[in-house]
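Please read the structure below before turning to the comments.
The values are calculated or read from the model by the stated rules, or taken from the named source; none is laboratory data. Computed from a prediction, not measured in an experiment: that's the story for all the values here. Here the Cβ positions follow ideal geometry from the backbone for every residue, glycine too, while neighbour counts run over all protein chains shown.
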Amino acid sequence: MLVGLAEYVIIGHSEVRAYLGDTDERINKKIHAAIAAGLKPIFAVGEVEAEYRGGATADVVTRQVKGGLAGVTVEQMAGMVIAYEPVWAIGTGLNADPEYANRTIGLIRGVVRELYGDATASAIRIQYGGSVKPNNMADYMAQPEIDGALVGGASLKVDDFTALVAAAAAAKG
């Protein structure tokens, strides 16, 4: 239904995982279906607050990345985006410390490297999402592993979104 209307599709968003019961297996099927239809997945991964507080972020994110990308070829990875969105930071006003987000995205890049090699790990865009706002965007964009942001609520306010884009552009040069 989206072919011709959209280039990218978000798959694995926490709300769909939580409210509609998306599993890693179902997300993997959606990724394969999107690729087969010529769409580029924005594959979202992230831990809930209990997993974060329990120190399980690395295990959860690794499981989600490996499960979601099962059977995806190196060629199919071209154009795909991965978004790290800690569930506890989405729409809550809380956000991950930029260094923490950078480490977690570095972990994700490491999993991609393990699965697909250095070239793919270097080429893939991995974004941070979770209460991204104009006042914290530059801090995220200053991190070496973070390639961009998946913006939610701030994208609905023209002034905020414009300031957010300007902060990202200035930080990335």
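Worth pointing out:
- When E47, E85, E25 are screened for being more than 16 Å from the chain's Cα centre (by Cα) and either over 26 Å from D139 (Cβ atoms) or not aromatic (F, W, Y) (or both), only E25 passes.
- Taken residue by residue, region 118-140 has no member that is among the aromatic types (F, W, Y), within 19 Å of D59 (Cα to Cα) and part of a helix (DSSP H, G or I).
- Every residue from region 144-163 that is closer than 18 Å to A101 by Cβ and over 15 Å from the mean Cα position of the chain (by Cα): P144, G153, A154
- Summed over region 61-76, the residues that are over 10 Å from N28 (Cβ atoms) and either hydrophobic (A, V, I, L, M, F, W, C) or assigned to a loop (DSSP other than H, G, I, E, B) (or both) give a count of 4.
- For region 124-153, a tally of residues being basic (K, R) and under 23 Å from A78 (Cα atoms) returns 1.
- Subset of region 77-100 (residues that are within 15 Å of S14 (Cβ to Cβ) and either modelled with pLDDT of 95 or more or in a loop (DSSP other than H, G, I, E, B) (or both)): I82, A83, Y84, E85, P86, I90, G91, T92, L94, N95, A96
- Enumeration of residues in region 24-58 that are out of contact with any helix residue (DSSP H, G or I) (no Cβ under 7 Å at 6 or more places or on another chain) and without any contact (Cβ under 8 Å) to a residue 12 or more places away in the chain: R26, K29, A33, A36, A50, R53, G54, G55, A56
Conditions tested, residue by residue: (1) of a type in the set (A, V, I, L, M, F, W, C); (2) surrounded by fewer than 20 Cβ atoms within 10 Å (Cβ to Cβ).
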site	(1), (2)
L115	yes, yes
G129	no, no
Y140	no, no
F161	yes, yes
L164	yes, no
A171	yes, yes
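- In region 159-166 there is no residue matching the filter, namely being touching an Asp or Glu at 6+ places or on another chain (Cβ under 9 Å) and not acidic (D, E).
- Output for region 1-28, where each listed residue is buried (at least 16 other Cβ atoms within 10 Å of the Cβ) and part of a helix (DSSP H, G or I): S14, V16, R17, D24, R26, I27, N28
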